[in-house]
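J.: Take a look at the following structure, please.
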Amino acid sequence: MLETKGNTLKTLENKIELFLTPKSVIFNISEWIDHKQNIINTIKTKFKKKIIFRSSTTFEDTNKQSAAGAFDSVLNINAKNDQEITKSINKVIKSYKKKIKKISEQQILVQEMIQNIKMSGVIFTGNNLGYENYYTINYDDVTGRTDTVTSGNTAYSNKTLYIYKDKKNFLRSPRFKELISATKEVENCFNTPLDIEFCMTKKNQLYLFQVRPIVLKKNLSKRFTKKDINKKLELEYYKIKKFFKKKNVPVLNGKTTMFSQMSDWNPAEMIGQFPSKLSYSLYSKLITDRCWLIARKKMGYKFFKDSSLMKSFAGRPYIDIRKSLNSLLPKDLNKNISQELIDKSILKLKVHPSSHDKIEFDLFPTCFSFQIKKKLKNLGYKKNHHDIENKLLKIFLINLKNKNHGSIKYNLKKIEILNKKQKEKNYDKKFNVLSIKGIIKDLKKYGIIPFSILARHGFVAKDILISLKEIKILSEIDVENFLRSFSTVTTDFLNDQVLLKNKQLSYKGFLNKYGHLRAGTYDIKSNNYSKMSKKILINDDVTHIIKHAKFNLSNNKKKKIQKLLNKKMINLNVAQLFEYIEASIKSREYAKFIFTKSINIILEKITNFAKYQKVKTKEIENLTIDQLMNLSNSPKTIIKDKIEKNTKESELNKIIKLPEIIVEDKNAYVGASVVSIPNFVTEKNITGKILFLDNKIENNLDNKIILLENADPGFDFIFSFKINGLITKYGGANSHMTIRCNELNIPAAIGCGEAIFEKIKRSKKINLNCKNLLIKEL
C-alpha cells in the first residue's frame, strides 16, 4: 500500500482515526505544465493561510531508498499569492531535475501548515535490521516548528524517547500514550517497519505528515527471536533493579542513585558506548574496580569497601553516580550534611540531566574554589557553608605539600618509576600471562593511582580558574591566554614533528617516544602510531616550533587574587597559584601519556597471542582480559567457542536500547536520551566540511571540521594538520581534547552527545559557532 508520499497519505485518510492528515492538493509535473493557472486557483480556493510544498516522487520513500532530504521542500508560503506559489513549485521541480531524468509523472504535494504546534517529530516502529520491538520517537516540544527534527537545526531537535512495545504500560506521559495508540493504527496498515512524521497541536490533536518504510539492510538474516530479546531485557531489568537497592546503608550517603555513561571516569568517552569485552574488562580492572577510590582516599576523600564504580547493562558501561559523589566528599564531613549534599545533587541531576558529564563542577562543590558558597546555594543547600568549605580547603592545602601522598610531586615520582619499568625485559611484545599480570600490577601502583590523583588536581585547577572567572576577576580572554601560555604533551608532539621533518630527530627516536599512542587507548583494533603511515607523521603542514606567549595579569587583578588567598589563609602568592594550576594540567597529561604505554604493551602482547592462535583481532577482542589469560593454554576450539558465545551476546546487546542516564529500573524498557550541552572552546565562528574519524587514520585533514566519537589522546596527530575545528560525541569540560583545543586555540564542541553528533555526522558541511554556542547543519 506504500506509494508516493502524497498517495500514501490519501489512502490512509479513510483507514485511520487518531491521526488527522493535513488538507492537501496533489498534482504531477505534466499537469502543472498544462494547467498551471487551474492548479494555482485550486490551491488558493482550498487553503486559507500558510502552506508547504513537498516532494512526492517514486524515487523516495521506497523500501530500497528513503532519499530523505534529496528534494526541496518550501515552507510558510502565502496560499493567496500567485507569485509565491509559482516560485515554490518551480523550486521543487528544479530539485527533481538534478536527480531524475523524466519528471513529468512525478508529483508535488501541497499541505496546509499546521498552527499552534506543541510537539513535532518522527517515530520509528522498528530498525533497519528488521526488528520491530521498539517505538523510537525523535521529537521537539519547544520551538513549535514542524521541521526541526528532520533538519536537525536547533538544540531542541534532538530529544529521543524509546518504548519497548511489550511494555507500553510503563509509559506515563499522556501525550506519548496518545501518539503510540495513533501509531499502532498506522502500523496495522503495513507489514514493514515504518518512519512516521507527525505533529501534535496545543489542543492535543495529532497530524500525520508522512509515512515511509525503513530501508532494511541487504541480505538480512535476523539472528534473534522475540523470545531472545524478551529474556535478555528481563535479565537487564532485574540487574538494574538490584543495583538501585541501596547497599552499604551505614557507609554510602544518598537515598537513591543514577547510572550514567559519561560521569566521573566517563567510560563512553574512553572505551565507547559499546566497548568490546576486552576494552571493558581492561578499563574495569585497571581503574574502576578499585584504583580510582584508593587515589581519592590518599587525597583525603571518603573511602568505602564496595569500590566497584562501573556497571555493565546490556554491554554498555555505566557509572554509579551515588558512589562517585560519595567518593568526592571529605572523609570526615558530618553524616547529615553528606546525606543532604548527595540527595540534593542527585535530585538536581534528574532535573538537569545534561550535567551528567560534568558532575564534578555542576553539583555540590567537590574541591576548594572561590565559589563554594554559590555552588551550595545553587544546589538548594541553605545551611552554613563554612564546615564544607573548611574541609575542602584542608584537602587542598594538605595536597600542596610535596611529601604528601596526594601531592603532584609525589605522584610524578611514581609515574617516573613506571617510565623506567617500561624498559624492563617483561615489557616486550611477547605474550606471557605472568608478564601481563606483572605489567597490570605495576600499572595500577605506579600509573593509574598516581594519574587519578593528578587528574583530580587537574579538576581542582580548572574549578579555581572557573571560580575566578565567575567572580569577574579573570575574563574569558584571561583564562584562554593562560591555558595557551604553557606546553603539554601535544605541543611536544607537534614540535618533535618539526624536528623529525628537519631530520633533527630520527624516525626511530620519534616512534620510540610516541609509537604507543593509539586512537582508542583500550581498543586492540585501533592501530598505534608505530603502524601509522610515515606520510602522516612527517607532515608538511608542521613547519615551525610552537612558542607560547607569556601569561601576564594586571597588577589590579593580582591584588584582588592575593586578597582572596590571604582571606582564605592560603600561603601562596599569585604566581605560585598559577604555577600550581599549570603543573596540575601538565602533570595530568604527562601521566596519561606515560601510563598508556603500558596499556599499549598489553594490547601488543595480546595481538601476538592472536596471531599465534590464528585468531583475528576483531575476534580476540570478544574475550575479557581474565578469560584471555585463563584460556591462553587451552585448545583453539575452546577459545573459539568462548569468542562465539561472547560475540553473540554482544550482537544481542546492540539490539537493546538503553538511555545515557538510567534513573529507574523501568528504563530497561522505556527511556529518554539526554539533550547534551557541548563544552565549547574559544569564541570562534567557523564554517566548513566535516570529516568523521572512526578510530582510523586519514592522510589529509586540512581545512576540515573533524568529528570524533571520543577525546582519546591517541588522536593527537590531528593537530599536526590545519584542521578548522573539532567536534566530539563524548568528553567533558576538563577532558583531554578540551585542554588540547584551548592550548592550540582551535574552535571545538566537546561532548555533544549521541543525538546531536549522529545528525552532524550525516551532514557534509556545518557551522560551528562557539561564541553563540551553536552547531548548525548547512
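J.: Give the shape of the range 676-777 as rounded, prolate or oblate, defined through the alpha-carbon gyration tensor: a ≥ b ≥ c are the square roots of its eigenvalues, a/c under 1.5 means rounded, and otherwise the shape is prolate if a/b is larger than b/c and oblate if not.
T.: Here the range 676-777 falls in the rounded category.
J.: Also: For mean projected area of the Cα convex hull in nm², pick the label among (i) 36.7; (ii) 34.3; (iii) 42.0 that corresponds to the value derived from the coordinates.
T.: Given (i) 36.7; (ii) 34.3; (iii) 42.0, the calculated one carries the label (i).
J.: Right, next: Once amide H atoms are placed 1.01 Å from N in the peptide plane, what residues at a sequence separation of 5 or more from residue 688, or on another chain, have their amide H within under 5 Å of its amide H?
T.: 766, 768
J.: Something else about it: Shape of the range 51-143 from its Cα gyration tensor (a ≥ b ≥ c, root eigenvalues): rounded if a/c is under 1.5, otherwise prolate when a/b > b/c, or oblate?
T.: Here the range 51-143 falls in the oblate category.
J.: With every protein chain in place, what's the accessible area of residue 475 (1.4 Å probe, Å², nearest 10)?
T.: Looks like 40 Å² after rounding.
J.: Sum up the charges of everything whose Cβ sits under 14 Å from the Cβ of residue 517, counting Lys and Arg as +1 and Asp and Glu as -1, but leave residue 517 out.
T.: Overall, the nearby charge balance is -1.
J.: What does the accessible area per residue of the range 23-113 come to in Å², with a 1.4 Å probe and no ligands, DNA or RNA counted?
T.: Values: 5070 Å² over 91 residues.
Per residue, the range 23-113 has an accessible area of 56 Å².
J.: Please list the non-local residues whose amide H lies under 5 Å from the amide H of residue 680, H modeled 1.01 Å from N, same-chain partners needing a gap of 5 or more.
T.: So residue 680 has HN proximity to 750.
J.: Is there a quick way to get the dipole size of the range 23-113? I mean about its Cα centre, with the Cβ of Lys and Arg at +1 and of Asp and Glu at -1; what is the value in debye to the nearest 20?
T.: On the way: 18 positive and 9 negative charges, 43 e Å.
Around 200 debye, computed over the range 23-113.
J.: Which value, in debye to the nearest 20, describes the size of the charge dipole of the chain about its Cα centre when Lys and Arg Cβ atoms bear +1, Asp and Glu Cβ atoms bear -1, and nothing else is charged? Walk me through the intermediate numbers first.
T.: Details: 144 positive and 77 negative charges, 386 e Å.
Value, rounded to 20: 1860 debye.
J.: Separate question: Using each residue's phi in the range 208-217, evaluate 6.51 cos²θ - 1.76 cosθ + 1.60 at θ = phi - 60° and report the 3J(HN,Hα) Karplus result to the nearest Hz, with x for Gly and Pro.
T.: Whole-Hz 3J(HN,Hα) from phi for the range 208-217: 9, 9, 6, 9, 9, x, 6, 6, 7, 5.
J.: Kindly write out, for the range 423-431 in residue order, the coupling ³J(HN,Hα) from the Karplus curve 6.51 cos²θ - 1.76 cosθ + 1.60 (θ = phi - 60°), rounded to whole Hz, with x marking Gly and Pro.
T.: 9, 6, 4, 6, 8, 6, 8, 6, 6
J.: Using a 1.4 Å probe, what is the accessible area per residue for the range 499-592, in Å²? Don't skip to the answer; put the middle values down first.
T.: Numbers: 5350 Å² over 94 residues.
Heavy-atom accessible area per residue stands at 57 Å².
J.: GluC sites (Glu not before Pro), restricted to the range 162-212: which are DSSP loop and have at most 14 other Cβ atoms within 10 Å? Kindly include the intermediate steps, with their values, before the conclusion.
T.: Numbers: sites: 178, 185, 187, 197; in loops: none.
Within the range 162-212, no GluC sites (Glu not before Pro) qualify (loop, at most 14 other Cβ atoms within 10 Å).
J.: Classify the range 410-528: rounded, prolate or oblate, from the alpha-carbon gyration tensor (a ≥ b ≥ c, eigenvalue square roots; a/c under 1.5 rounded; otherwise prolate if a/b is larger than b/c)?
T.: oblate
J.: Farthest toward the dipole's positive end in the range 23-113, which of 88, 38, 100, given Cβ charges of +1 (Lys, Arg) and -1 (Asp, Glu) about the Cα centre?
T.: With unit charges placed on the Cβ atoms, the residue in question is 88.
J.: Per residue of the chain, what 222 nm ellipticity follows from adding -39500 (n - 2.57) for every DSSP H run with n ≥ 4, rounded to the nearest 500? Intermediate values should be presented prior to the final figure.
T.: Numbers: 29 runs with 327 residues, N = 778.
It comes out at -13000 deg cm²/dmol, rounded to the nearest 500.
J.: Relative contact order of the chain, please, whole-number percent, based on alpha carbon pairs below 8 angstrom and at least 6 residues apart. Intermediate values should be presented prior to the final figure.
T.: Numbers: 1352 pairs, mean separation 102.8, N = 778.
Taking the mean separation of contacting Cα pairs over the length of the chain, I get 13 percent.
J.: A further question on this structure: Please go through the range 395-479 and write out the trypsin sites (Lys or Arg not before Pro) that DSSP classes as loop and that have at most 14 other C-beta atoms within 10 Å. Before the final figure, lay out each step's value.
T.: On the way: sites: 401, 403, 409, 413, 414, 420, 421, 423, 425, 429, 430, 437, 441, 444, 445, 456, 462, 469, 472; in loops: 401, 403, 423, 429, 430, 472.
Answer by residue number: 401, 403, 423, 429, 430, 472.
J.: To continue, here is another question. For the range 165-272, state which trypsin sites (Lys or Arg not before Pro) are in a DSSP loop and have at most 16 other beta carbons lying within 10 Å of their beta carbon. Write down the numbers at each step before the final one.
T.: Working: sites: 165, 167, 168, 172, 175, 177, 184, 202, 203, 217, 218, 222, 223, 226, 227, 231, 232, 239, 241, 242, 245, 246, 247, 255; in loops: 172, 202, 203, 217, 218, 222, 223, 245, 246, 247, 255.
Of the trypsin sites (Lys or Arg not before Pro), the ones in loops of the range 165-272 whose Cβ has at most 16 other Cβ atoms within 10 Å are 172, 202, 203, 217, 218, 222, 223, 245, 246, 247, 255.
J.: Would you pull out the residues with amide H under 5 Å of residue 726's amide H, same chain only if 5 or more places away, H placed 1.01 Å from N?
T.: Amide H neighbours of residue 726: 706, 748, 749.
J.: List every DSSP H helix in the chain whose Cα atoms extend 30 Å or more along the helix's own long axis and whose mean Kyte-Doolittle hydropathy is at least 0.5. Mind dumping the intermediate values first?
T.: Numbers: long enough: 449-470 (32 Å, 0.76); 574-613 (59 Å, 0.05).
Membrane-span-like by this criterion, though nothing is claimed about a membrane: 449-470.
J.: Can you check what the net charge comes to around residue 608, using other residues whose Cβ is under 13 Å from the Cβ of residue 608 (Lys, Arg +1; Asp, Glu -1)? Mind showing how you got there, number by number?
T.: Details: positive: 429, 430, 605, 611, 614; negative: 428, 604.
Overall, the nearby charge balance is +3.
The values are calculated or read from the model by the stated rules, or taken from the named source; none is laboratory data. Worth saying up front: this structure is predicted, and the values here are computed from it rather than measured. Glycine also receives a Cβ, built like all others from the backbone with ideal geometry; neighbour counts cover every protein chain displayed. To get the accessible areas, we keep the full protein, side chains included, count just its heavy atoms, and leave off ligands, DNA and RNA. Shrake-Rupley method; radii C 1.70, N 1.55, O 1.52, S 1.80 Å.
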